[in-house]
Amino acid sequence: MNESISLMVEEHENIRRMLRVLRAMCRSVMHGEDVNQEDFAAAIDFIRNYADHHHHKKEEEHLFKAMVANMGKIGENLVTHGMLVEHDLGRGHVLALTEALERFRQDPSDDNRLDIIAEAMGYAALLDRHIEKENTVVYPFAERSLSPEIFADINAASAAFEADPAEQTLRDKYTAIADRLETKYGTAA
């Protein structure tokens, strides 16, 4: 497995940890516990900055660009009409979750509580399926279809991105957030 792919699979595991935490947070809300605005804000921060900025940025700017440029119509369809659409759908769920939390802050009604659960779980379900597709279909397909020279460029770009001190700080910060929320909420059903 290429270094960049191994790294993205590892990042998927961190993202899946947060998806399980989101599920546990929603379970607590469903059982009538308070909506912890700070914890939901931390989860959204993780999603926007670790999952989207840190992880999806590498996919979109390095791997997916190479796939579209070098794999013809099938690469373009898989990326443009598949993976990128799902990234945007995830962003839509996160925006709707943020709005639901704001409405709940102003009006802690059952309807707003339900919207929080719906959007958080919608995001979690979408991303879990998306990660499974990338790990089992998209990444292996890219590794079979792109030349070693192209992957050398992808790996180098990914390594340069990871070497940026700001990205290292970001990675550490968001792994710590996942650790804290996982400890607080657990992840078991």
Q | Qualifying residue in segment 39-50 (condition: within 15 Å of Ile131 (Cα to Cα), in a helix (DSSP H, G or I) and at pLDDT 95 or above) | A | yes
Q) Is one or more of the residues making up segment 108-117 touching a residue at least 60 places away in the same chain (Cβ under 8 Å), loosely packed, with under 13 Cβ neighbours inside 10 Å and more than 21 Å from His56 (Cβ to Cβ)? A) yes
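If I go through segment 120-152 residue by residue, how many of them are in contact (Cβ under 8 Å) with a residue 60 or more places away in the chain, surrounded by fewer than 17 Cβ atoms within 10 Å (Cβ to Cβ) and within 15 Å of Glu59 (Cβ to Cβ)?
Filtering segment 120-152 for residues in contact (Cβ under 8 Å) with a residue 60 or more places away in the chain gives 120-121, 123-124, 127-128, 131, 134-135, 138-139, 141-143, 145-147, 150-151.
Filter once more, keeping what is surrounded by fewer than 17 Cβ atoms within 10 Å (Cβ to Cβ): 128, 135, 141, 143, 145, 147.
From what is left, the residues that are within 15 Å of Glu59 (Cβ to Cβ) are 135, 141, 143.
Total satisfying the criteria: 3.
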Q.
Pairs needed: first member in segment 37-53, open to solvent by less than 10 Å² (accessible area, probe 1.4 Å); second member anywhere, of a type in the set (Phe, Trp, Tyr); C-beta distance under 7 Å; at least 6 residues apart or different chains.
A. Phe46/Tyr174; Tyr50/Tyr174
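Just need a number here: residues in segment 27-36 that are in a helix (DSSP H, G or I) and either surrounded by 14 or more Cβ atoms within 10 Å (Cβ to Cβ) or free of Cβ contacts under 8 Å to residues at least 40 places away in the same chain (or both). Give the derivation first.
Restricting attention to segment 27-36, the residues satisfying the condition of being in a helix (DSSP H, G or I) are 27-30.
Retained after the next criterion (residues that are either surrounded by 14 or more Cβ atoms within 10 Å (Cβ to Cβ) or free of Cβ contacts under 8 Å to residues at least 40 places away in the same chain (or both)): 27-29.
Number of matching residues: 3.
The values are calculated or read from the model by the stated rules, or taken from the named source; none is laboratory data. Note that the coordinates shown come from a computational prediction; the quantities given were computed from them, not determined experimentally. All Cβ positions, glycine included, derive from the backbone under ideal geometry; neighbour counts span all protein chains shown. The accessibility values were calculated without ligands, DNA or RNA, using every heavy atom of the protein model including side chains. Shrake-Rupley method; radii C 1.70, N 1.55, O 1.52, S 1.80 Å.
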